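In what follows, a single structure is set out as structure tokens and then discussed.
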Amino acid sequence: MDFIPKLPLADWIESIVDWMASNLGGLFDGISEVIEAVVGFFSGLFLLPHPILFIVIIGVLAYLVGKWRLTLFTVIGFLLIDNLGYWQETMNTLGLVITSGLISIVLGIPIGIWSAYSKTAHRIISPLLDFMQTMPAFVYLLPAVTFFSLGVVPGVIASVIFAIPPTIRLTYLGIKQVSGELAEAADAFGSTSWQKLFKVELPLAMPTMMAGINQTIMLSLSMVVIASMIGAQGIGATVYRAVTQLKIGQGFEAGLAVVVLAIVLDRFTQNLFKTNKGRG
């Protein structure tokens, strides 16, 4: 195949990125300020109460959504994090994950709805989601750093790109699975498109959508160590330092904090909108 010249794909991509960095700098600065403010707000909010008070609050919330087993695990898990000395790092990570998750949900649900309503949109969006889910996560760091420098913002951006596909896909799937008879009945009663969407389709699609939101939050959390490589603070930075310095014990402790956070977030999102909650 030597007679076929190599496509200058790398040069094309770099030219596009350079053009965007030169001409859209103001937009990226604005996005950066908003994301920094949101992450700072959540991190500050979680760090505002004393750890014991925060654990009491999160324990009460755990009881409301999952009863005793979730409450017990949440309280013991967060007490362990505080005891090991990773409280501030964990709260910073929680702020980053909540920000990434919220952005993914706010963008992903409307895109999923649009994809369900428009075949053309679905044909365009579906391969893009395939691309986003199969591209190695490290690759997202390069344009994120180019546009947003080092710090928490490129970490959030990379997390959103990596984590948003499940919300889009399962919102689309949930709406498409709504029975055609129910949609026809809503039309027969004179419902507008918006009424049919908000009163029939979205409520019925909610369990499937929540599965997508759950996966999005888990994927956001899985990016914390990778995001720490470009300056995002939190428990991921501790894990990364432990890996680079071969501190096995410290790496295990910090990894345990990530595991506790992951399980708590997973159980919260699983139980939050269940129609028939498995209490116990």
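The values are calculated or read from the model by the stated rules, or taken from the named source; none is laboratory data. It should be emphasised that the depicted structure is a prediction, and the values quoted were computed from it without experimental measurement. Glycine also receives a Cβ, built like all others from the backbone with ideal geometry; neighbour counts cover every protein chain displayed.
For VAL56, state whether it is aliphatic (A, V, I, L, M) and in contact (Cβ under 8 Å) with a residue 60 or more places away in the chain.
On the way: aliphatic (A, V, I, L, M): yes; in contact (Cβ under 8 Å) with a residue 60 or more places away in the chain: no.
Considered against the rule, which asks whether it is aliphatic (A, V, I, L, M) and in contact (Cβ under 8 Å) with a residue 60 or more places away in the chain, VAL56 comes out as no.
For LEU219, which of the numbered conditions (1) within 9 Å of the chain's Cα centre (by Cα); (2) among the aliphatic types (A, V, I, L, M); (3) closer than 20 Å to GLN88 by Cα fails to hold?
(3)
For VAL243, state whether it is surrounded by fewer than 20 Cβ atoms within 10 Å (Cβ to Cβ) and of a type in the set (Val, Ile, Thr). First the steps, then the outcome.
On the way: surrounded by fewer than 20 Cβ atoms within 10 Å (Cβ to Cβ): yes; of a type in the set (Val, Ile, Thr): yes.
Here the answer is yes, as VAL243 does meet what is asked.
Of the residues in the range 15-46, how many are within 23 Å of VAL152 (Cα to Cα), surrounded by 10 or more Cβ atoms within 10 Å (Cβ to Cβ) and either of a type in the set (D, E, K, R) or at pLDDT 80 or above (or both)?
Final tally of qualifying residues: 22.
For VAL97, state whether it is closer than 30 Å to LYS176 by Cα and either in contact with a Pro (Cβ under 6 Å, 6 or more places away or on another chain) or in a helix (DSSP H, G or I) (or both).
Values: closer than 30 Å to LYS176 by Cα: yes; either in contact with a Pro (Cβ under 6 Å, 6 or more places away or on another chain) or in a helix (DSSP H, G or I) (or both): yes.
Spelling it out, VAL97 is indeed closer than 30 Å to LYS176 by Cα and either in contact with a Pro (Cβ under 6 Å, 6 or more places away or on another chain) or in a helix (DSSP H, G or I) (or both).
Of everything in the range 126-162, what is in contact with a Pro (Cβ under 8 Å, 6 or more places away or on another chain) and of a type in the set (A, V, I, L, M, F, W, C)? Give them in sequence order.
Pass one, the range 126-162, residues in contact with a Pro (Cβ under 8 Å, 6 or more places away or on another chain): 129, 132-133, 141, 144-145, 147-148.
Across the range 126-162, the qualifying residues are LEU129, MET132, LEU141, ALA144, VAL145, PHE147, PHE148.
Every residue in the range 47-66 that is within 27 Å of VAL153 (Cβ to Cβ) and assigned to a loop (DSSP other than H, G, I, E, B), please.
Correct list: LEU48, PRO49.
Quick test for you: out of LEU96, LEU107, LEU102, pick the one residue that is exposed (fewer than 15 other Cβ atoms within 10 Å of the Cβ), within 15 Å of the chain's Cα centre (by Cα) and under 21 Å from PHE42 (Cβ atoms). Before the answer, list the steps.
Numbers: LEU96 fails: exposed (fewer than 15 other Cβ atoms within 10 Å of the Cβ); LEU102 fails: exposed (fewer than 15 other Cβ atoms within 10 Å of the Cβ).
After applying the criteria, what remains is LEU107.
Being among the β-branched types (Val, Ile, Thr) and crowded, with 19+ Cβ neighbours inside 10 Å is the filter here, so list the residues in the range 246-259 that pass it. It would help to see each step written out before you state the result.
Pass one, the range 246-259, residues among the β-branched types (Val, Ile, Thr): 248, 258-259.
Once the filter is applied, which keeps residues that are among the β-branched types (Val, Ile, Thr) and crowded, with 19+ Cβ neighbours inside 10 Å, the range 246-259 yields only VAL258.
Can you tell me which residue in the range 206-232 is surrounded by the fewest Cβ atoms within 10 Å (Cβ to Cβ), limited to those that are of a type outside the set (A, V, I, L, M, F, W, C) and farther than 21 Å from ASN271 by Cα? Lay out the reasoning, then the answer.
Of the residues in the range 206-232, the ones of a type outside the set (A, V, I, L, M, F, W, C) are 207-208, 212, 214-216, 220, 222, 228, 231.
Narrowing the set further to residues that are farther than 21 Å from ASN271 by Cα leaves 228, 231.
Details: SER228: 23, GLY231: 15.
Here the residue is GLY231.
With respect to TYR140, determine if the residue is farther than 30 Å from LEU48 by Cβ and at pLDDT 90 or above.
Numbers: farther than 30 Å from LEU48 by Cβ: yes; at pLDDT 90 or above: no.
Judged against the criteria, TYR140 is not a match.
Give the number of residues within the range 110-133 that are surrounded by 12 or more Cβ atoms within 10 Å (Cβ to Cβ) and of a type in the set (Phe, Trp, Tyr).
Residues in the range 110-133 being surrounded by 12 or more Cβ atoms within 10 Å (Cβ to Cβ) and of a type in the set (Phe, Trp, Tyr): 2 in total.
Looking only at the range 183-201, which residues are within 32 Å of the chain's Cα centre (by Cα), surrounded by 12 or more Cβ atoms within 10 Å (Cβ to Cβ) and among the hydrophobic types (A, V, I, L, M, F, W, C)?
ALA183, LEU197, PHE198, VAL200
I'd like the residue in the range 101-137 that is aliphatic (A, V, I, L, M) and more than 21 Å from LYS176 (Cα to Cα) and, out of all such residues, is modelled with the lowest pLDDT.
Within the range 101-137, the subset aliphatic (A, V, I, L, M) is 102-103, 105-107, 109, 111, 113, 116, 121, 124-125, 128-129, 132, 135, 137.
Pick out the ones that are also more than 21 Å from LYS176 (Cα to Cα) and you get 102-103, 132, 135, 137.
Working: LEU102: 92, ILE103: 92, MET132: 83, MET135: 80, ALA137: 73.
The extreme case among them is ALA137.
Quick check on the range 240-248. Is at least one of its residues hydroxyl-bearing (Ser, Thr, Tyr), farther than 16 Å from GLY95 by Cβ and in contact with a Ser or Thr (Cβ under 6 Å, 6 or more places away or on another chain)?
Within the range 240-248, one or more residues are hydroxyl-bearing (Ser, Thr, Tyr), farther than 16 Å from GLY95 by Cβ and in contact with a Ser or Thr (Cβ under 6 Å, 6 or more places away or on another chain).
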